[in-house]
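Read the structure below first, then the notes.
Bear in mind that the values in this text are calculations on the coordinates, not laboratory data. In this text the structure is predicted, and so the values were computed from the model without any measurement. Glycine also receives a Cβ, built like all others from the backbone with ideal geometry; neighbour counts cover every protein chain displayed.
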Amino acid sequence: MISFWILGAEVTNLGEFAGFGDANILTPNCCAISANRMNTESPLQYPFAQLPSPGETIEVAPGVSWLRMPLPFALDHINLWLLEDGDQRVIVDCGFGNDATRALWTQLIDARFLKAGVSRVIATHHHPDHVGNAGWLTRQFEAPLWISQSEYLSAHALCDGAAGQGRENMAALYRRNGLDESHTPGILKGRDHYRKFVPDFPMSYRRICEGDLIRVGANAWRVIMGYGHAPEHATLYCESLGVLISGDMVLPRISTNVSVPASQPEANPLRLFLESLSRFSALPAQTLVLPSHGLPFRGMHERIAQLTEHHRLRLAELLEACETPKSAAEVLQVLFRRQLDSHQILFAMGEAMAHLHYLYEDGALRRIKDETVIRYQRG
Ligand SMILES: [Zn+2]
């Protein structure tokens, strides 16, 4: 496993994304800029500099423990959380569905840390590093899976390549947005990735909804839904502890992947994402944020301002580039300014389309469709 610190995964874009179970990581200039700023004079505070060792936990708030699981790609790790529920625990997110992660879960079970059992498994959203072991864990503990309806159905659709979630649909959408035909075989090659790393996704669930209060031991966690990264991503806020389990919605050092999904070619996920971020601004400034990647931190309002500015700058650059008609494929170099490999291009296409769609719906760009390619032009 490559070290998180050596690799510098914190200056990379979040590459885990629906259907890209073993995806590479995109490293756009835009994210490096944002991270560099934070490296020099970060307004964020990181109260827990020490990382949990593999198979160990660190308590970050009364009754809330942090564990870290490996990821077999450049993002390197995911943070998972255990909440005390009487003698039992609630698991929040499950880790990637591979042997390495299951071995660490087994270590925790054998160490009797989970000796009294698990009352529930809560998943923030359907991406493979979050639900990869949902089937395995719920079976191990005979515990129910708590997840939003959209995320539950998305996981099953991706497992089955149904509901427009198949790679053929993605390849067609990206071709329509200017991606060269030569990338199609690479896109189709990944058609089994999701099922491979999310084996045995549960066939039943307990639905969680916006505003739900989930009682866990002495605490109540309010569900705040976020949009734009996944269809109905749950975050959990505990007012009495001053803690937000933010999933992938608010990350300290990397920007969350915001992509147009293949099943929603007209989607405007960037608008959804920015609106969701603004809702988190209503939480207290001193909230301890527990993100899925990176370190727990305080300074959420500052981080939200950084992320908002990051996207505003990208939109301004795209607007300038679209003085002449451009497809999503033709603006990749504007957004990412370096050579992208075949996997990275897929994430980049999704992100480029998300930004173009935002400008189009805002009235700043017009959409020009010819028989083969969709392009955008200012005015
Ligand atoms: Zn995600």
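Quick one: compute the contact order of the chain, relative version, from alpha carbon pairs under 8 angstrom and 6+ residues apart, as a percent. Kindly include the intermediate steps, with their values, before the conclusion.
Working: 790 pairs, mean separation 67.6, N = 379.
Computed over the chain, the figure is 18 percent.
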Taking a straight Cα-to-Cα line shorter than 17 Å from residue 369, and setting aside same-chain lysines fewer than 8 residues away, one finds 326
Here the equivalent ellipsoid of the chain, derived from its Cα gyration tensor, has semi-axes (largest first, whole Å) of 34, 23, 19
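Would you please classify the overall shape of the range 266-333 from the alpha carbon gyration tensor, given that a ≥ b ≥ c denote the square roots of the eigenvalues, rounded means a/c under 1.5, and beyond that prolate means a/b larger than b/c while oblate covers the rest?
prolate
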Treating only Lys and Arg (+1) and Asp and Glu (-1) as charged, each at its beta carbon, one finds that the range 4-378 has a dipole about its Cα centre, in Debye to the nearest 20, of 160 debye
Along the dipole axis of the range 4-378 (charges at Cβ: +1 for Lys and Arg, -1 for Asp and Glu; origin at the Cα centre), the most positive-end residue among 55, 92, 127 is 127
Listed residues 353, 170, 203; largest mean-square fluctuation, Gaussian network over the chain with Cα springs below 10 Å, found at 203
Rounded to the nearest 10 degrees, the helix 269-280 long axis (Cα) sits at an angle to the longest Cα principal axis of the chain of 40 degrees
The alpha-carbon center of the range 321-345 and that of the range 84-140 are separated, in whole Å, by 39 Å
Which of 255, 246, 278 fluctuates most in a GNM of the chain (C-alpha springs under 10 Å)? That residue is 278
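Tell me what the chain gives for mean residue ellipticity at 222 nm when only DSSP H runs of n ≥ 4 count, each as -39,500 (n - 2.57), the sum divided by the residue total, rounded to 500 deg cm²/dmol. Write out the running numbers ahead of the final one.
On the way: 13 runs with 133 residues, N = 379.
My calculation for the chain gives -10500 deg cm²/dmol from helical runs alone.
Which FRET efficiency, nearest 0.05, do residue 341 and residue 110 yield, Cβ-Cβ r, R0 51 Å?
E(calc), rounded to 0.05, equals 0.80.
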Given Cβ charges of +1 for Lys and Arg and -1 for Asp and Glu, the option among 358, 193, 347 whose Cα lies farthest towards the positive end of the dipole of the chain is 358
